[in-house]
Amino acid sequence: MNILENVPMSRHTSFKVGGYARYFVKAESVNDIKDAIAFANEHALSSFVFGKGTNLLVSDSGFNGVIIQLGKFFSEITNIGNGKIRAKGATPLARLARYSINEGLAGIHKLAGIPGSLGGAIYMNAGAYGQDISQTCIEVESIDAAGNLHKRAAKDCNFGYRHSVFQELAASRGSAERAETILAATFQLTPAKSIGKTAKDLEAEMQECMTKRRNSQPLSMPNAGSTFKRLDAGAAATPTQIAPGYYIEQAGLKGFRIGGAEVSRVHANFIVNAGGATAANIKALSEHVQKVVAEKFNIQLKREIILLGDF
Ligand SMILES: Cc1cc2nc3c(=O)[nH]c(=O)nc-3n(C[C@H](O)[C@H](O)[C@H](O)COP(=O)(O)OP(=O)(O)OC[C@H]3O[C@@H](n4cnc5c(N)ncnc54)[C@H](O)[C@@H]3O)c2cc1C
């Protein structure tokens, strides 16, 4: 196990903010994960597994524990036949989506624009344009803090909207320590042919989603995707009103800034690092947005972005 000290998390998160990880391990084997957890336990420190840091806000004071990121060994996709694909935890979701298109398999091809890893996507039950990762996932492999391997059928992953059992396990172990590390997942996809489509059609659908993203998201500025979760359908009168961005915009908050953090002028549900933002700025801005939207519309926005460290 190669353990680094004092690694700036601003280099590992899409917000490009955050302090130092006291220890940082790039795991290149299952044993590396076990060793990193053992090291954390020996030193009475917490451990935290992350993927590509695209849904993560790390405190300016960093994380006084062991941060684990899955390395190249965990970036691998295998077509196991009959429409089934298995991918390891560090596989970029974009790569997985493109792989599925090349194999002529439908079901995850619209996820190509989500910049995270497979592990992060399972943890968050990431989704876009009508495809949530849980819709096609049939099995998730993970390892717990005691080094036991688990294989869970999708029905045991408690998938819900941006929710999985892995969030429940993490919450039950305290604010930061991860109860389980997602090692791999298997998907049952649909052969394009069987639904009267070709790989080219899937590619075109994927490209259409990418264009929508480019036209609606502030992709030139550091951000972590949607700040808040969509509202329950019951809380909203129209489909537009399910989107937190609708209320944030109606509240006149587009462009509102705290320090270097800004409510995106392109997409109100994105907070961007407009230059020199701190994690504290971003958190304060998200809380300000929650407060104003609650006051004006009596709606409680729930944060989608994961916070790590002391705020
Ligand atoms: C421009 C942009 C667009 C986005 N668009 C979308 C979108 O359309 N839909 C959507 O759902 N999300 C979107 N996101 C958010 C983000 O990309 C997803 O939530 C993604 O799934 C996070 O993956 P990650 O690897 O970056 O996870 P991280 O941010 O690294 O981690 C997120 C959480 O997952 C946990 N985690 C990560 N890997 C593992 C693992 N191997 N084992 C256990 N736990 C793990 C971490 O502990 C953390 O709690 C967007 C983000 C950006 C920046």
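No value in this document is a laboratory result; all are computed from the given coordinates. From a predicted model like this one, the values you see are computed outputs, not experimental measurements. Cβ: placed from backbone, ideal geometry, glycine included. Neighbour counts: every protein chain shown.
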Given a cut-off of 18 Å, name the pairs among Lys212/Lys296; Lys72/Lys155; Lys110/Lys197; Lys26/Lys283; Lys52/Lys72; Lys229/Lys283 whose C-alpha atoms lie farther apart than that in the structure shown. Lys212/Lys296; Lys72/Lys155; Lys26/Lys283
Amide H proximity to Ile68 below 5 Å, modelled H, separation 5+ or other chain, gives Val25, Phe48, Val49, Phe50
Quick one: putting +1 on the C-beta of Lys and Arg, -1 on the C-beta of Asp and Glu, what dipole do you get for the chain around its Cα centre, in Debye to the nearest 20? 740
Using a simple charge model, +1 on the beta-carbon of Lys and Arg, -1 on the beta-carbon of Asp and Glu, nothing else, what dipole does segment 29-127 show about its Cα centre, in debye to the nearest 20? 460
Bins of 10 Å from zero: percent of alpha-carbon pairs in segment 3-70: 24, 55, 21, 0
When a/c reaches 1.5 or more, the comparison of a/b and b/c decides; with that in mind, is segment 257-311 rounded, prolate or oblate per its Cα gyration tensor? oblate
Beyond 35 Å, what share of the Cα-Cα pairs of the chain is found? Please give it as a whole percent. 20
Scoring only Lys, Arg, Asp and Glu (+1, +1, -1, -1) among other residues with Cβ under 15 Å from the Cβ of Asp232 yields +3
Largest-first semi-axes in Å of the equivalent ellipsoid built from the Cα gyration tensor of segment 219-308 are 21, 12, 12
Calculated Rg and Dmax of segment 142-300 using C-alpha coordinates, Å: 19.6, 53
Got a sec to turn the phi values of segment 22-32 into Karplus ³J(HN,Hα) couplings, 6.51 cos²θ - 1.76 cosθ + 1.60 with θ = phi - 60°, whole Hz, x for Gly and Pro? 4, 10, 9, 10, 9, 7, 10, 6, 5, 4, 4
Rounded to the nearest whole Å³, what is the per residue volume of the convex hull around the Cα atoms of segment 245-289? 51
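Once fully extended, how much extra length lies between His288 and Ala204, figured as 0.36 nm per residue of separation less the alpha-carbon to alpha-carbon distance?
Stretched fully, the His288-Ala204 segment lengthens by 26.3 nm.
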Quickly work out the Met1-to-Ala171 label distance, labels modelled 7 Å from Cα along the C-beta direction, and quote it in nm with one decimal. 2.8
Cα gyration tensor of segment 75-210 diagonalised, 5x eigenvalues square-rooted, in angstrom largest first, produces semi-axes 27, 15, 12
With θ set to phi - 60° and the Karplus curve 6.51 cos²θ - 1.76 cosθ + 1.60, what are the ³J(HN,Hα) couplings of segment 70-82 in order, to the nearest whole Hz, using x for Gly and Pro? 6, x, 4, 3, 9, 10, 7, 10, 10, 8, 9, x, 6
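Determine the sum of side-chain charges near Thr211: Lys and Arg each +1, Asp and Glu each -1, restricted to other residues whose C-beta is under 14 angstrom from that of Thr211.
Local net charge: +1.
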Computed on Cα atoms, the radius of gyration and Dmax of segment 167-232 in angstrom are 18.3, 48
Starting from the Cα coordinates of segment 52-126, work out the convex hull volume and express it per residue in Å³. 93
Quick one: length gained pulling Glu76 to His163 fully straight, 0.36 nm per residue minus the C-alpha distance? 28.9 nm
Check: segment 207-311 dipole with +1 on Lys, Arg Cβ and -1 on Asp, Glu Cβ, in debye: 160
